[in-house]
Amino acid sequence: MGPPGAGKGTQAQFICREHNIPQISTGDMLRNAIAEGTTLGLRAKAIMERGELVSDDVILELVRERLRQPDCVAGCLFDGFPRTVGQADGMRELDISVDVVVELQISDSLIIRRISGRRVHEASGRVYHIEFNPPKVDNVDDVTWQPLVQRHDDSETVVRARVEVYREQTAPLIEYYKRSGVKYYEIDGEATVNEIRQNISDLLKTADT
Ligand code: AP5
């Protein structure tokens, strides 16, 4: 969990590699649907470009379908899901149990700096930052050598709307999960990428024991 730019996608990739589990990013799934021009993608595009949330029903159906795939048998990491109390309740109804919640905490002022410098490799979802986490070669993905792009919803106005939506609709999940008894970890999201990576890795080792 964490607001836009907190580093969820960046850290999710490390955790998934270390634990050999798939990353289920509802944001990436929606962006793929837009790129493929599906009906869902067409509907989601306008909502995402306003910085609002796609409806709980649509998101829960996407996740339910994704979890049917065999790579999820040993567990998975959710990145940017659930995002509302309705989605968290929906997960319970689908018998999806949560073992650990990691919340990345970051101030509003840093969010804008993080998002404005973000560049992504669209096909894989790999994330870079022109200042904090640059690719080996400017504007080119390290793995495929394809060009990097800026997300359509990364303008300052839309980011401010996304932060507002986070505070109103997603932040209530903090208390929801703290009260639920799952292992809940608050991480300083303003540390360096590597420091956060190490902190999460250490915490997840203790969570396993
Ligand atoms: P989504 O794609 O999930 O976006 P988000 O939650 O707004 O989060 P971001 O991807 O912007 O940030 P992040 O925390 O992953 O940060 P990142 O690692 O990239 O959702 C997009 C939209 O889809 C939503 O607005 C909504 O419309 C819809 N949607 C998605 N899921 C939904 C759901 N469940 N329900 C309803 N609607 C849904 O890092 C940001 C930048 O900072 C990068 O450039 C990175 O390189 C850099 N960086 C990362 N960590 C550090 C660090 N420690 N120090 C310096 N730089 C860093």
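The values are calculated or read from the model by the stated rules, or taken from the named source; none is laboratory data. Every value quoted in this text rests on a predicted model; they were computed, and no experiment measured them. In this analysis, Cβ positions are derived from the backbone assuming ideal geometry, glycine residues included, and neighbour counts consider all displayed protein chains. Just the protein is used for accessible areas: all its heavy atoms, side chains included, with ligands, DNA and RNA removed. Shrake-Rupley method; radii C 1.70, N 1.55, O 1.52, S 1.80 Å.
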**Report entry** Considering residues of the range 81-103 that are among the aliphatic types (A, V, I, L, M) and more than 17 Å from the chain's Cα centre (by Cα) only, the residue farthest from ILE196 (Cα to Cα)
**Finding:** LEU94
Query raised in the report: What number of residues within the range 166-209 satisfy the criterion of being in contact (Cβ under 8 Å) with a residue 24 or more places away in the chain, of a type in the set (A, V, I, L, M) and under 12 Å from GLY2 (Cα atoms)?
Result: 3
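Take the conditions more than 11 Å from the ligand (Cβ to nearest atom) and modelled with pLDDT under 95 and apply them to ILE130. Does it pass?
Details: more than 11 Å from the ligand (Cβ to nearest atom): no; modelled with pLDDT under 95: yes.
In short, no.
Answer with yes or no whether THR170 is near the ligand (Cβ under 10 Å from one of its atoms), within 18 Å of ASP108 (Cβ to Cβ), open to solvent by less than 80 Å² (accessible area, probe 1.4 Å) and not charged (D, E, K, R). Reasoning before the result, please.
Working: near the ligand (Cβ under 10 Å from one of its atoms): yes; within 18 Å of ASP108 (Cβ to Cβ): yes; open to solvent by less than 80 Å² (accessible area, probe 1.4 Å): yes; not charged (D, E, K, R): yes.
Yes; evaluated as a whole, the condition is true for this residue.
Residue by residue, here is whether (1) open to solvent by 90 Å² or more (accessible area, probe 1.4 Å); (2) within 25 Å of LEU53 (Cβ to Cβ); (3) outside any helix (DSSP H, G or I); (4) within 8 Å of the ligand (Cβ to nearest atom) holds:
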residue: VAL165; (1), (2), (3), (4): no, yes, no, yes
residue: ARG179; (1), (2), (3), (4): yes, yes, no, no
residue: ARG197; (1), (2), (3), (4): yes, no, no, no
residue: ILE200; (1), (2), (3), (4): no, no, no, no
Report summary line: Picked from the range 113-125 (must be in a loop (DSSP other than H, G, I, E, B) and either surrounded by fewer than 19 Cβ atoms within 10 Å (Cβ to Cβ) or modelled with pLDDT of 95 or more (or both)), the residue farthest from the ligand (Cβ to nearest atom) is ALA123
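Hey, can you tell me all the residues within the range 155-172 that are more than 15 Å from the chain's Cα centre (by Cα) and either over 19 Å from ILE112 (Cα atoms) or among the polar types (S, T, N, Q) (or both)? Explain how you work it out, then say what you get.
From the range 155-172, those more than 15 Å from the chain's Cα centre (by Cα) are 155-158, 160-161, 164, 167-169, 172; that's our starting set.
Selection gives SER155, THR157, GLN169, PRO172.
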**Report entry** Single unsatisfied condition, ARG151 versus (1) away from the ligand (no atom under 11 Å from the Cβ); (2) of a type outside the set (A, V, I, L, M); (3) closer than 17 Å to GLY2 by Cβ; (4) touching a residue at least 12 places away in the same chain (Cβ under 8 Å)
**Finding:** (1)
